[in-house]
Amino acid sequence: MSVRSKQDFWSGVMFLVVGLFFSWGATEYSMGTAARMGPGYFPFWLGLLLALLGAGIALGALAPSAEETEVDKFDWRIVGLVIGSVVLYGILMQPLGVYISTFLLVVLSSLAGHDFNWKVAAANGIFLVVFSYLAFVKGLGLIFPLWPSLFVN
Amino acid sequence: MELLDHLMLGLSVAVTPENLLYAFLGCLLGTLIGVLPGIGPVPTIAMLLPITYVLPPTAGLIMLAGIYYGAQYGGSTTAILVALPGETSAVVTVLDGHQMARNGRAGAALAIAALGSFFAGCIATVLLSAFAPPLAEVAFKFGPAEYFSLMVLGLVGAVVLASGSLSKAIAMILLGLLLGMVGTDVNSGVARYDFGIPELQDGIDFAIVAMGVFGFAEIMTNLEQRENRVEITDKVGTLYPNKQEFKQAWPAVVRGTALGSALGILPGGGAVLSSFASYTLEKKLSSTPERFGKGHPAGVAGPESANNAAAQTSFIPLLTLGIPGNAVMALMIGAMTIHNIQPGPQVMSSHPELFWGLIVSMWIGNLMLLVLNLPLIGLWIKLLKVPYRILFPAILVFCTIGVYSLNYNNFDILITALFGLIGYVWSKLKCEGAPLLLGLVLGPMMEENFRRALLLARGDYSTFVMRPLSASLLVAAVFLVVIVASPSIRKKREETFVEEG
């Protein structure tokens, strides 16, 4: 017996685990009865349903008739740069203000692109900072911490 | 006549300078993101949701609607000129549209696409105003059991008609429903699955999930593919289709409009499916099917009319039943709730100016799009030359600022990043995000109606099948699953998607 459809197999495992997790979590809340449901009732059965379906998908991937698929390689460099720069933005925005953190977000995430060029990335960063200022701060009046809190106080 | 009165009311709302401006902005933005491959209406509308908070509700909805149907116009431009679908609904337009461009008929193809879309938009607007009121009447007879069954049908419909694996799509819906459980339970006040994090007690905002799964994850998958130098057809040529092209195109436009309007109303229908269906239909009906794929005008006219008609009629279930048929409509529900408007049949009577204003603005928007697309085509061609390495950081900036302004909370940015990562894994596993988003939006609504229905029936589950309306909705849902799961249809469905996709 071998895993023929790797995509389906791992999807099924994911659904199984997540479904069981939600069901298990639901047991902490009161279940109630069908007529007077507690907060745990609906998620408990829904989670179980998902787990069952997930198990079915995973088993189906083992069947000889399953279509053969592979899971494509993850490109961790791109993921790290894109997600990392967004996380950094989320952390730095309060202390550094929106202008500096936007600039950092643009330059850092640009590293994920092909033919990266410092000048282009920096110019793009400056353009987007100015654009954000005009559109979001001036135009829409959204409230951000603008500059590093050090300077303001 | 009542309908005329309503349309006059709508007209008076839609032509105020403010609403005209926002309709224009929406169409412009929609065309822009439609033209650009790699960003679609879902993340764009999610990004702009918080911003519409500062607008009056009517203006906000008019703008968001404009983005959706504007994207259908814009997507065809890229499809014809670059052979890349700017939007998924324009995938089939690539086949014949780009061939026409290579034959030196790019202008004619663009004109056929735009005029067909305009015609479809006009008809769909009329249909929307004619069918919405009677449907809303039916919806008033709905109790919680009917609403629950209707949502089941809607969710089933959404996956049945989509491409890809059926069981995985259903699992994604269930996952979405479960994610919708996160947050405070309205009945008991218990915070569920909050892991002690106060920000999670309000639930996970679907705009966050949409931006993570559709925005961020898509950027990463796009970046993985080497930036291929695109060859853009600069020579657009005359914008006037010749007599023969016109003769071949117009029946396809009419058929595409009819097909698209019908499929758009169905839950889960919408723009993508109807363009595929229309292309298949045109090829079947044509006396010269071998000319399809080599630049047949009907291959552009049919799908383009169909996707625009469907984009507009998909507002019918939203405005009459309060049930979203696709991911974009799910976001529109969010836009309405931001302004304290409960989507459903009562919108028509409680907010007639919003309802009719939105409908009439769609017609005006279609007119604007005609102007935006044909004379300004040169501008869009220039835009297509902007490389992706400049574009994607901009998308990241707009997404993060959009997320932050939802609640002015940094935590939301981190959650979005997390969903970006999850969405990336899902794309590797070929699990689709759209059903998840629908489930997420419907989750709380479904649970509430489920609980209420069983409370009324004193815990008797047979209430769902004993009430005739509810039973027929459930039967329809089961019927849909059975049809699609049956081997012969399944094979055919896969073939259609493989062949055209």
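Derivation of every value follows stated rules applied to the coordinates shown; laboratory data play no part. Treat the numbers as computed from the prediction; the structure is a model and nothing was measured. A quick note on method: Cβ atoms are made from the backbone with ideal geometry, for glycine too, and the neighbour counts reach across all protein chains shown.
All other residues whose Cβ lies under 13 angstrom from that of residue B:360 are scored, Lys and Arg at +1 and Asp and Glu at -1, for a net of -2.
Estimated from the Cβ-Cβ distance and a Förster radius of 51 angstrom, the FRET efficiency linking residue B:367 and residue A:71 is about 0.60. Mean separation of Cα pairs under 8 Å and 6 or more residues apart, divided by the residue count, gives chain A a relative contact order of 22 percent. Here the spin labels are modelled as points 7 Å beyond Cα on the Cα-Cβ line, and at residue B:287 and residue B:456 they lie 5.7 nm apart.
If R0 is 30 Å, what FRET efficiency do you get for residue A:115 and residue B:379 from their C-beta distance, rounded to 0.05? FRET efficiency, residue A:115 to residue B:379: 0.70. Evaluated on the stretch A:76-152, the Kirkwood hydrodynamic radius is 13.0 Å, with distances taken between all distinct Cα atoms.
Compactness check for chain A: Cα Rg over 2.2 N^0.38 Å is 1.62. How high is the relative contact order of the stretch A:6-60, in percent, counting Cα pairs under 8 Å that sit 6 or more residues apart? Once divided by the residue count of the stretch A:6-60, the mean separation gives 51 percent.
The fewest-to-most ranking of B:431, B:399 by surrounding Cβ atoms within 10 Å reads B:431, B:399. If you fit an axis through the alpha-carbon atoms of helix B:271-285 and take the longest principal axis of the Cα set of chain B, what angle between them do you get, 0 to 90°, nearest 10? With both axes taken from Cα atoms, the answer is about 50 degrees. Applying 1/(1 + (r/R0)^6) with r as the Cβ-Cβ distance of residue A:63 and residue B:131 and R0 = 60 angstrom yields a FRET efficiency of 0.85.
Shielding of peptide A:122-130 by partners, expressed as the average count of other chain Cβ atoms within 10 Å per residue Cβ, is 2. Taking each of B:283/B:385; A:138/B:382; B:294/B:385 in turn, the alpha-carbon distance tops 30 angstrom for B:283/B:385. Each of B:159, B:436, B:209 was placed along the dipole of chain B (beta-carbon charges, centred on the mean Cα), and the one lying farthest toward the positive end is B:159. Exposure proxy shown here: for B:151, B:445, B:329, the number of other Cβ atoms within 10 Å sets the order, fewest to most, as B:445, B:329, B:151. Here the label points at residue A:143 and residue B:386, each 7 Å from Cα along the C-beta direction, are separated by 3.1 nm in the simple model. Geometric descriptor of the stretch A:6-60, per residue, is 51 Å³ (volume of the convex hull of the Cα atoms).
Per residue of chain B, the DSSP helices (runs of n ≥ 4 H) give a summed -39500 (n - 2.57) that works out to -24000 deg cm²/dmol at 222 nm. Ordering A:123, B:16, B:381 by Cα displacement along the dipole of the protein assembly as shown toward the positive end leaves B:381 in first place; charges were set at the Cβ atoms of Lys, Arg (+1) and Asp, Glu (-1). Taken residue by residue and averaged, Cβ atoms of other chains lying within 10 Å of the Cβ of B:50-63 number 1.
Each of B:339, B:296, B:351 was scored by other Cβ atoms within 10 Å of its Cβ. Arranged with the fewest first, they read B:339, B:351, B:296. Here's the picture: charge each Lys and Arg Cβ at +1 and each Asp and Glu Cβ at -1 in the protein assembly as shown, and of B:354, B:331, B:122 the one pushed furthest to the positive end of that dipole is B:122. Relative to the longest principal axis of the Cα atoms of chain B, the long axis of helix B:243-265 makes an angle of roughly 0 degrees.
Seen from all directions on average, the stretch B:1-90 presents a Cα convex hull projection of 6.6 nm². Placing a label point 7 Å from the Cα of residue A:94 along the Cα-to-Cβ direction, the residues of the stretch B:393-429 with a backbone N closer than 14 Å are B:408-415. When exposed loop sites are taken as chymotrypsin sites (Phe, Trp or Tyr not before Pro) in a DSSP loop with at most 12 other Cβ atoms within 10 Å, the longest stretch of chain B clear of them is B:196-407. Distance between the C-alpha centres of the stretch B:72-144 and the stretch A:1-53: 39 Å, rounded to the whole angstrom.
Shape call for the protein assembly as shown from the C-alpha gyration tensor, a ≥ b ≥ c root eigenvalues: rounded (a/c under 1.5), prolate (a/b greater than b/c) or oblate? Because its axes are fairly even, with a/c under 1.5, the protein assembly as shown counts as rounded.
Neighbouring Cβ atoms from other chains, within 10 Å of the Cβ of residues in A:80-91, number 6 on average. In percent, rounded to a whole number, the relative contact order of the stretch A:76-152 is 39, using alpha-carbon pairs under 8 Å and six or more apart.
Distance in nm between label sites at residue A:123 and residue B:469, each 7 Å beyond Cα in the beta-carbon direction? Placing both labels 7 Å beyond Cα along the Cβ direction yields 6.2 nm. Each Lys or Arg adds one and each Asp or Glu takes one away; over the other residues whose Cβ falls under 11 Å from the Cβ of residue B:96, this sums to +3. Taking Cα centre as origin and charging only the Cβ of basic (Lys, Arg, +1) and acidic (Asp, Glu, -1) residues, the dipole magnitude of the protein assembly as shown rounds to 1000 debye. Can you tell me the 0 to 90 degree angle between the C-alpha axis of helix A:76-96 and the longest principal axis of chain A, rounded to 10? Here the helix axis deviates by roughly 60 degrees.
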